[in-house]
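For reference, the structure is listed below as structure tokens.
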Amino acid sequence: MIDTHVHLHIIDTEPERVIADAAAVGVTHMIQVAIDMASIHANLSIYQHISACSITGGIHPLSITDDITIEDVLAVLTMNQSRFCAIGEIGLDYKYGDHNKRRQQQFFEAQLAFARQHNMPVVIHARESNADMIAIVNRYPDVRKVFHCYAQPYAFFESLSGNQNYVSFTGMITYAKKGKIVHAIRHIPADRFFIETDSPYLKPKGVTAPQNTPQYLPHIAQHIAQIRDASVEDIVAQTTKNARDFFGLED
Ligand SMILES: [Zn+2]
């Protein structure tokens with residue numbers, strides 16, 4: 001099983017321990033996702049040397065502070081391009097207001113353009129920004145994208161241009177009994193989704209540990225299996241294959 005979205009650098013336990021606990025339940029690989037300059041550097045200095053991890057590079061929309069420029073971001077991405085399996089997480093997040101919408105859009109587009117230029121996939125964070133999000137990503141139909149922590153109606157997926165669109169589901173889905181998320185989980189094509197914990201955030205239902213970690217990924221596979229009326233083995237096999245294809249991982 002592959003946990004396609006983790007932030008090991010924010011978890012309060014040593015990565016070796018987190019990785020061993022995950023391996024014990026069958027989670028053998030994880031995508032260690034950057035959110036800011038510090039985590040890009042941590043990915044390059046620490047996590048790229050851990051065989052259970054593949055690393056990304058990118059600036060999260062809520063990490064765009066005044067002291068950071070697009071040129072700085074593109075410089076570090078360019079210098080280390082071959083080490084990253086994807087650009088991310090990048091996107092738009094309007095939850096905290098309008099004040100930096102324009103800057104979020106500029107950073108998002110610059111990183112999408114970088115991904116297109118280098119033929120790399122992107123990991124997208126989208127919150128309360130649907131109209132602008134769809135307008136922007138549909139200018140990059142040829143870029144392979146995953147909408148992480150998918151909690152949108154299926155109609156959002158249908159409104160995306162091109163055939164390079166994927167979604168990944170987190171523990172948030174374990175709280176959904178019916179409604180738009182369940183409908184989306186049922187209807188997303190089998191070759192278009194994978195699973196993630198977004199550790200240390202978004203603990204699945206029933207997990208009492210202080211922080212979420214990749215060892216809880218099987219809860220998400222089980223929940224999807226129930227909703228799609230499939231076996232857990234099939235969901236695990238399919239999402240593992242999808243994630244390998246998307247991030248270009250070897251078997
Ligand atoms: Zn994340």
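Before moving on, here are some points about what is shown:
- Computed label-point distance, nm, for sites Ile134 and Asp98 using a 7 Å Cα→Cβ extension: 2.1
- Oblate is the label for region 59-142. Its Cα gyration tensor axes, ordered a ≥ b ≥ c, give a/c of at least 1.5 and b/c at or above a/b.
- Placed amide H near Ser199: partners under 5 Å, 5+ positions off or other chain: His7
- The phi-based Karplus calculation (6.51 cos²θ - 1.76 cosθ + 1.60; θ = phi - 60°) puts the 3J(HN,Hα) values of region 133-143 at 4, 5, 4, 6, 5, 6, 7, 10, x, 8, 8 Hz, whole numbers, x for Gly and Pro.
- Distant-in-sequence amide contacts of His29, defined by a placed amide H-H separation under 5 Å and a gap of 5 or more residues or a different chain, comprise Asp3.
- Annotation note: trypsin sites (Lys or Arg not before Pro) in region 95-169 located in DSSP loop regions with a Cβ neighbour count of at most 14 within 10 Å are Lys95, Arg139.
- Ranked Tyr166, Tyr201, criterion: other C-beta atoms within 10 Å, fewest first: Tyr201, Tyr166
- Helices in the chain, meaning DSSP H runs of at least 4 residues, each add -39500 (n - 2.57). Divided by all residues, the mean residue ellipticity at 222 nm is -11500 deg cm²/dmol.
- Over region 106-178, all Cα pairs binned in 10 Å intervals from 0 give whole-percent P(r) values of 18, 54, 23, 5, 0, listed from short to long.
- Residue-wise HN-Hα coupling along region 163-180, computed from phi with Karplus coefficients 6.51, -1.76, 1.60 (Hz; x: Gly, Pro): 10, 10, 10, 10, 10, 10, 10, 10, x, 4, 5, 6, 9, 8, 8, 8, x, 5
- DSSP loop GluC sites (Glu not before Pro) with at most 16 other Cβ within 10 Å excluded, longest remaining stretch of the chain: 1-127
- The alpha carbon gyration tensor of region 2-247 gives principal lengths a ≥ b ≥ c with a/c of 1.5 or higher and a/b no greater than b/c, which makes the shape oblate.
- Antiparallel DSSP beta bridges within region 74-184, percent to nearest 5: 0
- Neighbour counts of C-beta atoms inside 10 Å place His148, His9, His118 in the sequence His118, His9, His148, starting with the fewest.
- Taking a straight line from the alpha carbon of Lys177, these lysines sit under 30 Å away, with near neighbours fewer than eight places off in the same chain left out: Lys95, Lys145, Lys203, Lys205, Lys241.
- Taking the square roots of five times each eigenvalue of the Cα gyration tensor of region 97-144, the equivalent ellipsoid has semi-axes of 20, 11, 9 Å, listed largest first.
- In sequence order, region 234-251 has phi-based couplings of 5, 5, 5, 5, 5, 5, 5, 4, 4, 5, 4, 4, 4, 8, x, 8, 7, 5 Hz under the Karplus curve 6.51 cos²θ - 1.76 cosθ + 1.60, θ = phi - 60°, and Gly or Pro positions carry x.
- Taking other C-beta atoms within 10 Å as the exposure proxy, Ile64, Ile124 rank Ile64, Ile124 from fewest upward.
- Available extension along the chain between Glu16 and Met79 is 19.9 nm, counting 0.36 nm per residue and deducting the alpha carbon span.
- Distance between the 7 Å Cα→Cβ label points at Lys180 and Leu62: 1.9 nm.
Throughout, read-outs are computed from the coordinates displayed, never taken from laboratory work. What you see is a predicted model; the values in this text were computed from it and never measured. Counting neighbours? That spans all protein chains shown, and the Cβs are built from the backbone with ideal geometry, glycine included.
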